[in-house]
Amino acid sequence: MARALRWYGANPLHLLVLLCSFALTAYACVRLFAVRPVEVAIWLVGAAILHDLILLPLYSLADLSALSVLRHRRNTVPTAPWINHLRVPAFLSGLLLLVWFPLVLGISRPYPDATALTLDVYLPRWLIITAVLFGVSAAAFALKLRRLRKAARAEEERRPPPRRGARG
């Protein structure tokens, strides 16, 4: 057992959760393939192609661009890793757009009848949600920077001042 745990490299609970997620995925696939096998296969292949050939290069390029913009700045104050404060709201906003793009872009016809909402409300709501996501992320980053700077000031106050005239 110990050798198997060493080989796996993670907590046994992690393995159990992973196996449960595979079982749930297999169950969902069996149920979906029983109803509409061709449509589900097309959707899975299309999603893989869309992600691997279009979305992955796009968000990798966006991530590298964001990293390169601020890489060469000179740091005079303590800083915190900032990239995840940009990645998380961008990912969530993109995911919402990916799921709801027919409504956000106003190209869906059957939904206004089912929801009793016009197509005009989805784009402003998506923009507001995106703004809130980035605002909350910016506030969390600002609080993290504030804590770091406070800790740096406290550390600086605890250090004895340098002695004049002493050579070391």
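The values are calculated or read from the model by the stated rules, or taken from the named source; none is laboratory data. Keep in mind that this is a model prediction, so the values were computed, not measured. FYI the Cβ positions are ideal-geometry reconstructions off the backbone, even for glycines, and counts take in every protein chain you see.
List pairs: first in the stretch 130-151 and under 17 Å from R87 (Cβ atoms), second at pLDDT 90 or above, Cβ under 7 Å, 6+ apart or cross-chain?
Hits for this filter: T130/S93; L133/P89; L133/L92; L133/S93; F134/P89; S137/V88; S137/P89.
Restricting the stretch 141-155 to residues that are surrounded by 13 or more Cβ atoms within 10 Å (Cβ to Cβ) and of a type in the set (A, V, I, L, M), which is farthest from A90 (Cα to Cα)?
So the residue we want is L148.
So is I49 closer than 15 Å to L98 by Cα, modelled with pLDDT of 90 or more and in a helix (DSSP H, G or I) or not? I'd like the intermediate steps shown before the answer.
Working: closer than 15 Å to L98 by Cα: yes; modelled with pLDDT of 90 or more: yes; in a helix (DSSP H, G or I): yes.
Criteria met by I49.
Here is a list: Y59, Y27. Which entry is without any contact (Cβ under 8 Å) to a residue 12 or more places away in the chain, assigned to a helix (DSSP H, G or I) and aromatic (F, W, Y)?
Y27
Assuming L117 fulfils every condition listed in (1) assigned to a helix (DSSP H, G or I); (2) exposed (fewer than 14 other Cβ atoms within 10 Å of the Cβ) apart from one, which condition is it?
Answer for L117: the failing condition is (1).
Kindly list, by first and then second residue, each pair from a residue in the stretch 87-108 that is more than 14 Å from L123 (Cα to Cα) to a residue that is at pLDDT below 90, limited to pairs with Cβ atoms under 9 Å and residues at least 6 apart or on different chains.
Every condition considered, the pairs that remain are R87/Y59; R87/D63; R87/A66; A90/Y59; A90/A62; A90/D63; A90/A66; F91/Y59.
Check whether at least one residue in the stretch 9-29 is surrounded by fewer than 10 Cβ atoms within 10 Å (Cβ to Cβ) and of a type in the set (V, I, T), and report yes or no.
no
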